[in-house]
């Protein structure tokens, strides 16, 4: 592909918005170019499952050069965030014909920032699998290798952004679902602090605050600017996080100072991650040292067997809550063929969890969060690889009737650095695209920060982006290239 659509794909959201403000392109042209890219690339990727092209074109015609991203196209993950009058499936056959009757607050905030949603992006069923290979829409393919997983659950957004269809993809994260796809697709993925971005009007503190909303981007500045635009409480939110002293975007280009960074390559069972992940970790440690930061090998407090059991209880109970929520909203229970084996297995386990057991598990994990908070009085950030294995071939993390927990068991081995710790504690965390292995597959580096301190993470990320730029790295399936044949 050549011409304006391909040229615009090379720009991040900030640069695209600046073109609109200068009058060099219109919002209609930005959105039209994104739709052109989507129509060309999505058949290979299966990233967008519900096109919203007509709505996007109509919206673009009303956009004025206000807000940080006037006319910039984006995709909206088909999970949690709803748009009135648009199909909303959460990746499940149970909801295949469901249409939203309201628009979520975060969508209103995206649109007030000037962003234009061109479509809904793929997610595994109810976001509960670490790979985006649902039965309703089929597998989403990684632009770096179309036979590989994007990871989950924000895999559709990750594929759309990595391939250059859009510069911003909405994502959410209950156990790593922003950061894992960021790693697999070579993107920047920031998980904000608990309660930083709204979940309303439908949800207050989903899963005791573990779930958060934000986005996947190619540049750090896009993520920071977006966070400024969409963060902040809404009336009636169950709790709030302290607002930053300065805009998050002010962190871009600001010196982070000499940070104290702990790091480890050891996963929860005491073994190292994949050699490719460890190579990326060592290169990142060397880079931090080169940039003048204080780096020490020191792992986070270990998750005990009790902590691990509590995490399992929470995820089982979460699935039971999700299904119960949709049973009430749909007015019926799912038919036998409307839930995938993994979801049904989680649901059966979750129905056995008592209210007391759930609350006990939350209390156990809150005690663990205090241990992490105490640890972080001695360090500014904690570094690990984001994933414990490079992107797996498609099909390996798909559950079957005979092996209903296969996706969990296989997928769990790829995310064994316990990104869920950031959800348990509520702390901000990020995956930064700093390493590619010998097969050309991206492997992100994960940084856990202190509660409420996205600014330090963003300053560090911007410094790393300047020191080891990744914007020129583009996958084989990208908007300016012919799609790779499978």
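The values are calculated or read from the model by the stated rules, or taken from the named source; none is laboratory data. Computed from a predicted structure; not experimentally measured. Cβ: placed from backbone, ideal geometry, glycine included. Neighbour counts: every protein chain shown.
A few notes on this one:
- Verdict on residue 126 being in contact (Cβ under 8 Å) with a residue 24 or more places away in the chain, on the phi > 0 side of the Ramachandran plot and not in a loop (DSSP other than H, G, I, E, B): yes
- Some residue of the range 238-248 being more than 18 Å from the chain's Cα centre (by Cα), buried (at least 20 other Cβ atoms within 10 Å of the Cβ) and touching a residue at least 60 places away in the same chain (Cβ under 8 Å): yes
- Residue pairs meeting the criteria (Cβ under 6 Å; at least 6 apart or on separate chains; first on the phi < 0 side of the Ramachandran plot, in the range 320-331; second surrounded by 14 or more Cβ atoms within 10 Å (Cβ to Cβ) and at pLDDT 95 or above): 320/347; 320/350; 322/126; 323/347
- Residue check for residue 159: farther than 20 Å from residue 470 by Cα, touching a helix residue (DSSP H, G or I) at 6+ places or on another chain (Cβ under 6 Å) and crowded, with 24+ Cβ neighbours inside 10 Å: no
- Residue in the range 338-349 that is closer than 18 Å to residue 128 by Cβ and in contact with a strand residue (DSSP E or B) (Cβ under 9 Å, 6 or more places away or on another chain) present: yes
- Being over 19 Å from residue 172 (Cα atoms), assigned to a loop (DSSP other than H, G, I, E, B) and touching a strand residue (DSSP E or B) at 6+ places or on another chain (Cβ under 8 Å) holds for only one residue in 91, 67, 97, and it is 97.
Each row is one residue, and each column tells you yes or no for (1) out of contact with any helix residue (DSSP H, G or I) (no Cβ under 8 Å at 6 or more places or on another chain); (2) surrounded by fewer than 22 Cβ atoms within 10 Å (Cβ to Cβ); (3) at pLDDT 95 or above.
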residue	(1), (2), (3)
440	yes, yes, yes
448	no, no, yes
457	yes, no, yes
464	no, no, yes
468	no, yes, yes
475	no, yes, yes
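- Any hit, the range 134-157, residues being farther than 17 Å from residue 389 by Cβ, touching a strand residue (DSSP E or B) at 6+ places or on another chain (Cβ under 9 Å) and assigned to a helix (DSSP H, G or I): yes
- Subset tally (residues that are in a loop (DSSP other than H, G, I, E, B) and either at pLDDT below 95 or over 25 Å from residue 397 (Cβ atoms) (or both)) for the range 317-350: 4
- Candidates 381, 398, 353, filtered to the one that is more than 30 Å from residue 450 (Cβ to Cβ), at pLDDT 95 or above, in contact with a strand residue (DSSP E or B) (Cβ under 7 Å, 6 or more places away or on another chain) and buried (at least 18 other Cβ atoms within 10 Å of the Cβ): 398
- Each residue in the range 251-275 was checked for being touching a residue at least 12 places away in the same chain (Cβ under 8 Å), under 24 Å from residue 186 (Cα atoms) and outside any loop (DSSP other than H, G, I, E, B), and 5 of them qualify.
- Summed over the range 218-237, the residues that are in a loop (DSSP other than H, G, I, E, B) and either in contact (Cβ under 8 Å) with a residue 40 or more places away in the chain or touching a strand residue (DSSP E or B) at 6+ places or on another chain (Cβ under 7 Å) (or both) give a count of 4.
- Some residue of the range 160-175 being in a loop (DSSP other than H, G, I, E, B), over 28 Å from residue 33 (Cβ atoms), under 17 Å from the mean Cα position of the chain (by Cα) and at pLDDT 95 or above: yes
- Condition check for residue 44: part of a helix (DSSP H, G or I) and either in contact with a helix residue (DSSP H, G or I) (Cβ under 6 Å, 6 or more places away or on another chain) or surrounded by fewer than 21 Cβ atoms within 10 Å (Cβ to Cβ) (or both): yes
- Members of the range 276-307 found to be surrounded by fewer than 13 Cβ atoms within 10 Å (Cβ to Cβ) and part of a strand (DSSP E or B), listed by number: 296, 297
- From the options 423, 427, residue that is at pLDDT 95 or above, in a helix (DSSP H, G or I), buried (at least 24 other Cβ atoms within 10 Å of the Cβ) and under 19 Å from the mean Cα position of the chain (by Cα): 423
- Residues that are more than 16 Å from residue 260 (Cβ to Cβ), assigned to a helix (DSSP H, G or I) and touching a helix residue (DSSP H, G or I) at 6+ places or on another chain (Cβ under 6 Å) do not occur anywhere in the range 371-384.
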